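> Below: one structure in structure tokens.
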Amino acid sequence: MGLSAAGMASGLDIAGMTQQLVAAERQPKAERITNQQKQVNVSLSAYGQVKSSISSMQSMLEKFGKDEAFNGQKATSDNSDYLSIKATSTAKNGVYNINIQQMAQSHKLMGEELFSADPEASLGSGEMVIKVGDKSMTLNIGEDNDDLSSVVDAINNADDNPGVTATLINTGEEGGSKIVFSTTETGEKNTIEIDTSAMTGQLASLAYNADIPEAERKVEQMQAAQDAKIMIDNFTTVTSSNNTFEDVIEGVTLDLKKLTGTVSSSESANPETDDIDVKSVKITIESDEKSTKDSLKSFVDSYNSLMGTIDKLTGFDADKEPDDPNRAGALNGDSLTRSVTTQMRNLLNEPIEINGKLYQMSDFGISIQRDGTLELEEDSDKLDDIISENFAVIGQFFAQEDSGFLAKADKLLDSFTDKTDGSLSVKEETLKERQKSLDDDMAELNKRMVAYEDRTYKQFLAMDEAIGQMNNQLSSMMSLMMSFE
């Protein structure tokens with residue numbers, strides 16, 4: 001409220017006196033609320049840092065699981081221009097020679113007749129049945145869609161299209177364009193058949209199937225439907241409807257790029273490949289020990305980073321002065337945060353059974369230090385030997401479903417970070433509620449102080465008015481007394 005500078009009768013600084021009384025009343029209460037707000041904000045920020053560090057470690061554990069970081073297999077091709085390769089953890093070590101004899105192809109047909117592109121030209125009517133493999137569709141061509149563009153659109157946009165695309169090729173010949181049909185998928189089974197026996201007009205010429213004598217066909221086969229074909233180690237022949245072979249070799253995916261040369265030129269099955277110098281592609285599958293080593297280091301670094309964050313926030317440095325704000329961490333003495341460290345240490349010491357034998361982190365070159373951090377074997381050659389000797393076991397130790405370390409660690413950390421019932425998340429929600437309550441307390445204090453200021457000011461005004469009346473009465477009495485002299 002607006003306050004006048006001084007009392008009219010008394011000459012007192014009523015506004016100043018009111019403000020001083022309000023400030024004296026407000027200060028201790030406001031300081032108490034402000035200090036509590038600061039503490040809550042500091043705690044919220046600190047818990048946020050802990051959760052962020054835990055979440056980062058969880059993301060790393062999840063990535064390790066997806067990438068098969070501790071039990072990965074490395075697959076290489078000695079000529080990726082011809083064949084590329086990928087391997088999963090189920091792949092077994094081995095070396096193979098792959099001869100690429102045939103690439104998968106889609107089926108392509110082209111009508112011999114030229115079709116006018118004039119939108120007014122009627123090309124025919126009736127039912128056209130197009131079949132690809134064991135799927136088919138029936139198009140009804142009538143007056144509203146019997147021009148070239150409409151027929152092509154009807155084929156390509158049909159809801160039950162079996163996997164065929166129609167396109168137009170302008171050959172430069174006078175009279176129009178030719179229609180080309182091609183399958184969207186490769187492989188021998190994806191052959192096109194077109195039945196136009198129920199059609200009239202020029203569209204009837206697009207009939208195609210194996211039973212029609214070649215001399216009577218008006219549709220030319222541009223490219224035969226064809227499976228991909230490879231020979232493994234000059235012995236086993238395998239086919240695929242596309243140029244990707246999955247699990248022909250367990251856990252391995254082969255992507256064919258182009259044909260290799262004919263293996264035996266004396267009995268060439270494909271004269272086009274006789275002159276290709278690359279006769280086969282050598283693929284090698286082996287344990288990815290380097291990736292495992294890198295993953296172990298990343299795990300140790302991530303764990304130590306988490307422990308470092310917790311130690312900083314919960315620690316106490318007795319060597320610093322008592323009034324030093326950095327003497328105690330924001331969560332010093334907080335049992336909830338310390339429990340993260342305790343439970344993780346317990347998990348690290350917990351053995352995991354693999355094939356009837358118990359293993360611990362120390363078996364894989366990881367040791368727990370006195371300060372709770374982890375240390376990876378510093379001797380690189382020694383660590384390589386440990387990984388080589390225990391490669392399969394390391395993978396199972398970390399990635400074994402449910403009972404592996406990754407699964408156990410993720411479950412443990414999730415008990416702290418889960419949005420619904422994670423203990424750190426619950427603590428954060430409690431602090432946020434306390435934060436809101438303190439904000440309400442401050443708003444209520446400000447409201448009370450406005451009322452207190454108004455009441456105090458009015459009391460001073462009343463006092464000023466009383467002093468004015470007393471002064472007037474005293475002046476009247478003095479005048480009266482002087483009149484008797």
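> Quick check on the stretch 369-385: of everything there that is in a loop (DSSP other than H, G, I, E, B) and in contact with a strand residue (DSSP E or B) (Cβ under 9 Å, 6 or more places away or on another chain), which residue is surrounded by the fewest Cβ atoms within 10 Å (Cβ to Cβ)?
Gln369
> May I ask you to say which residue of Thr253, Thr186, Thr260 is part of a loop (DSSP other than H, G, I, E, B), under 42 Å from the mean Cα position of the chain (by Cα) and within 21 Å of Ala75 (Cα to Cα)?
Result: Thr260 is the single residue among Thr253, Thr186, Thr260 that is part of a loop (DSSP other than H, G, I, E, B), under 42 Å from the mean Cα position of the chain (by Cα) and within 21 Å of Ala75 (Cα to Cα).
> Considering only residues that are in contact (Cβ under 8 Å) with a residue 24 or more places away in the chain and not in a loop (DSSP other than H, G, I, E, B), which ones fall in the stretch 212-238?
If the condition is that a residue be in contact (Cβ under 8 Å) with a residue 24 or more places away in the chain and not in a loop (DSSP other than H, G, I, E, B), then Val219, Glu220, Gln221, Met222, Gln223, Gln226, Ala228, Lys229, Ile230, Met231, Ile232, Thr237 are the ones that fit.
> Name the single residue, out of those in the stretch 189-204 being part of a strand (DSSP E or B) and aliphatic (A, V, I, L, M), that is surrounded by the fewest Cβ atoms within 10 Å (Cβ to Cβ).
Filtering the stretch 189-204 for residues that are part of a strand (DSSP E or B) and aliphatic (A, V, I, L, M), the one surrounded by the fewest Cβ atoms within 10 Å (Cβ to Cβ) comes out as Ala198.
> Taking the stretch 224-240 only, how many residues are open to solvent by 50 Å² or more (accessible area, probe 1.4 Å) and farther than 18 Å from Tyr82 by Cα?
2
> Gly333: closer than 24 Å to Ser53 by Cβ and open to solvent by 20 Å² or more (accessible area, probe 1.4 Å), yes or no?
yes
> Let me ask something else. Starting from residues that are of a type in the set (A, V, I, L, M) and more than 26 Å from Ser437 (Cα to Cα), keep the ones in the stretch 13-36 and report whichever is surrounded by the most Cβ atoms within 10 Å (Cβ to Cβ).
Ile14
> Could you grab me the full set of residues in the stretch 432-462 that are over 20 Å from Glu31 (Cβ atoms) and buried (at least 16 other Cβ atoms within 10 Å of the Cβ)?
Thr456, Tyr457, Phe460, Leu461 - these are the residues of the stretch 432-462 that are over 20 Å from Glu31 (Cβ atoms) and buried (at least 16 other Cβ atoms within 10 Å of the Cβ).
> Please determine, by comparing only the residues of the stretch 145-173 that are over 15 Å from Asp118 (Cβ atoms), over 43 Å from the mean Cα position of the chain (by Cα) and in a loop (DSSP other than H, G, I, E, B), which one is modelled with the highest pLDDT.
Going through the qualifying residues, I end up with Thr171.
> Next question, about the same structure. Does Ser295 fit the bill of being surrounded by 20 or more Cβ atoms within 10 Å (Cβ to Cβ) and either closer than 27 Å to Met361 by Cβ or touching a Gly at 6+ places or on another chain (Cβ under 6 Å) (or both)?
Answer is yes for this residue.
> A follow-up question, please. Looking only at residues in the stretch 205-217 that are modelled with pLDDT of 95 or more and of a type outside the set (Gly, Ala, Ser), which one is most open to solvent (accessible area, probe 1.4 Å)?
My answer is Tyr208.
> Here are some conditions: (1) assigned to a helix (DSSP H, G or I); (2) of a type in the set (S, T, N, Q); (3) under 30 Å from Pro351 (Cα atoms). Ser475 meets all but one. Which one does it not meet?
(3)
> While we're on this one: Consider the stretch 35-51. How many of its residues are in contact (Cβ under 8 Å) with a residue 60 or more places away in the chain and either in contact with a strand residue (DSSP E or B) (Cβ under 8 Å, 6 or more places away or on another chain) or over 17 Å from Leu445 (Cβ atoms) (or both)?
Count: 11.
> Any residue that is among the hydrophobic types (A, V, I, L, M, F, W, C) and closer than 30 Å to Ile283 by Cα - is there at least one of those in the stretch 42-63?
Within the stretch 42-63, none of the residues are among the hydrophobic types (A, V, I, L, M, F, W, C) and closer than 30 Å to Ile283 by Cα.
> Are any of the residues in the stretch 25-34 modelled with pLDDT of 90 or more, farther than 23 Å from Ala409 by Cα and touching a strand residue (DSSP E or B) at 6+ places or on another chain (Cβ under 8 Å)?
No, there is no match, as no residue in the stretch 25-34 is modelled with pLDDT of 90 or more, farther than 23 Å from Ala409 by Cα and touching a strand residue (DSSP E or B) at 6+ places or on another chain (Cβ under 8 Å).
> Restricting to the stretch 391-406, and then to whatever is in a helix (DSSP H, G or I) and open to solvent by 40 Å² or more (accessible area, probe 1.4 Å), can you tell me which residue is farthest from Asp334 (Cα to Cα)?
Ala392
> Next question, about the same structure. Any residue in the stretch 54-64 that is charged (D, E, K, R), surrounded by fewer than 16 Cβ atoms within 10 Å (Cβ to Cβ) and free of Cβ contacts under 8 Å to residues at least 40 places away in the same chain?
Taking every residue of the stretch 54-64 in turn, at least one turns out to be charged (D, E, K, R), surrounded by fewer than 16 Cβ atoms within 10 Å (Cβ to Cβ) and free of Cβ contacts under 8 Å to residues at least 40 places away in the same chain.
The values are calculated or read from the model by the stated rules, or taken from the named source; none is laboratory data. Since we're looking at a predicted model, the values are computed, not measured. Note that we place each Cβ from the backbone using ideal geometry, even for glycine, and neighbour counts take in every protein chain shown. Quick note on the areas: whole protein, heavy atoms, side chains included, nothing else; ligands and nucleic acids left out. Shrake-Rupley method; radii C 1.70, N 1.55, O 1.52, S 1.80 Å.
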